[in-house]
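Here is the structure we will look at, set down as structure tokens.
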Amino acid sequence: MAVGVFDSGLGGLTVLAAAQARLPEVDFVYYGDTAHAPYGVREPADIEQLTRAGVSALWDSGCDLVVLACNTASAVALRKIQEAGVPQGKRVLGVFVPMIEALTERNWGDNSPPREVDVKHVALFATPATVSSRAFQRELAFRAIGVDVEAQACGGLVDAMEEGDMILAEALVRSHVDALKRKMPNPQAAILGCTHYPLLEDVFRDALGPEVKVLSQPQIVAASLADYLERHPDLVGAGAPSYLTTGDPRRVSDRATQFLRRHIAFEAA
Ligand code: DGL
């Protein structure tokens, strides 16, 4: 069975590309719920229901392991899906915890009490739903003390990227970074807490300046997935790799090809 990768749209492709580079022997099925993107402006109940539908579709297609390559779904729906109980033999993982473990320099499964870490001022860029969930602050508080987090809800950014309007998207990044810097003039680290944002990582880095460390979620998640699969080799198997979308496959293929700079052909989910 292939490993499933879920996102509201195209953003999860950043995680998928990093995972494919890191794990060339693993087959992946990508599922983008493009018809309902963006998730970041939806109500939590709606995000949960849509995420469940996508994850179930991937499980039903034979994927035993599904990675929510979407911070909004990870922040709002993951815990609820896990707490409700997943079907036997099936697993679902999110992208939030690996990023916080990287920020707090912890290894997987290190459940020791929260401690002081080097980074004291962290800027979080994420969707409105992720910011309102406060999931980042909650997960961080389990691991670190004394970290000041300033969150910037990047309204409009995912919509612009899904539309392929990269000029608008770049302008939005710059204005959201300015807004963040008015609240926290000197962040030490920045988290791009939406899987769409690494497609504009250069713009974030340029706007933030060289002294801000930008955490790259796709690489962190790919490393954490490699580690997880080493501990759970039964979850890796052969499967037909494919790209599924609830939107218009031709349109989505064009955008995906433009973003990843290689030909990607989506099919209807
Ligand atoms: N890529 C999703 C995330 O990581 C975008 C959410 C959205 O559709 O607004 O949060």
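The values are calculated or read from the model by the stated rules, or taken from the named source; none is laboratory data. Quick caveat, the model's predicted, so the values are computed rather than measured. Cβ sites come from the backbone with ideal geometry, for glycine too, and all protein chains shown count toward neighbours. Just so you know, the surface numbers come from the protein's heavy atoms only, side chains and all, with ligands and any DNA or RNA stripped out. Shrake-Rupley method; radii C 1.70, N 1.55, O 1.52, S 1.80 Å.
Structure above, values below:
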{"read-out": "Scope region 116-134; condition assigned to a loop (DSSP other than H, G, I, E, B) and either open to solvent by 30 Å² or more (accessible area, probe 1.4 Å) or within 15 Å of residue 98 (Cα to Cα) (or both); matching residues", "value": "118, 120, 134"}
{"read-out": "Filter result for residue 137 (polar (S, T, N, Q) and buried (at least 16 other Cβ atoms within 10 Å of the Cβ))", "value": "no"}
{"read-out": "Those residues of region 102-115 which are open to solvent by less than 20 Å² (accessible area, probe 1.4 Å) and either in contact (Cβ under 8 Å) with a residue 60 or more places away in the chain or in contact with a Phe, Trp or Tyr (Cβ under 6 Å, 6 or more places away or on another chain) (or both), in sequence order", "value": "103"}
{"read-out": "Matching residues, region 75-90, being farther than 25 Å from residue 127 by Cα and either surrounded by 15 or more Cβ atoms within 10 Å (Cβ to Cβ) or among the hydroxyl-bearing types (Ser, Thr, Tyr) (or both)", "value": "86, 90"}
{"read-out": "Options 102, 69; residue that is within 11 Å of the ligand (Cβ to nearest atom) and of a type in the set (Gly, Ala, Ser)", "value": "69"}
{"read-out": "Candidates 50, 58 - the one that is within 14 Å of the ligand (Cβ to nearest atom), touching a residue at least 12 places away in the same chain (Cβ under 8 Å), of a type outside the set (Ser, Thr, Tyr) and assigned to a helix (DSSP H, G or I)", "value": "50"}
{"read-out": "Test: residue in region 212-232 that is of a type in the set (Asp, Glu) and farther than 24 Å from residue 96 by Cα", "value": "no"}
{"read-out": "Number of positions in region 197-247 that are in a loop (DSSP other than H, G, I, E, B) and either touching a Lys or Arg at 6+ places or on another chain (Cβ under 7 Å) or closer than 28 Å to residue 176 by Cβ (or both)", "value": "7"}
{"read-out": "Hey, residue 225 open to solvent by less than 20 Å² (accessible area, probe 1.4 Å) and among the hydrophobic types (A, V, I, L, M, F, W, C) or not", "value": "yes"}
{"read-out": "Residues of region 174-193 satisfying the condition of being open to solvent by less than 10 Å² (accessible area, probe 1.4 Å), outside any strand (DSSP E or B) and under 11 Å from residue 126 (Cα atoms)", "value": "193"}
{"read-out": "Selection from region 1-47 of residues that are open to solvent by less than 20 Å² (accessible area, probe 1.4 Å) and in a loop (DSSP other than H, G, I, E, B)", "value": "2, 8, 9, 10, 11, 23, 26, 33, 39, 40"}
{"read-out": "Index of the failed condition, residue 239 passing every other in (1) within 16 Å of residue 31 (Cα to Cα); (2) surrounded by fewer than 18 Cβ atoms within 10 Å (Cβ to Cβ); (3) more than 21 Å from the chain's Cα centre (by Cα)", "value": "(2)"}
{"read-out": "Per-region count, region 123-138, residues over 15 Å from the mean Cα position of the chain (by Cα) and not polar (S, T, N, Q)", "value": "3"}
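Residue-wise test of (1) surrounded by fewer than 16 Cβ atoms within 10 Å (Cβ to Cβ); (2) small (Gly, Ala, Ser); (3) touching a Cys at 6+ places or on another chain (Cβ under 9 Å).
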residue: 197; (1), (2), (3): no, no, yes
residue: 203; (1), (2), (3): no, no, no
residue: 252; (1), (2), (3): no, no, no
residue: 255; (1), (2), (3): no, no, no
residue: 259; (1), (2), (3): no, no, no
residue: 267; (1), (2), (3): yes, no, no
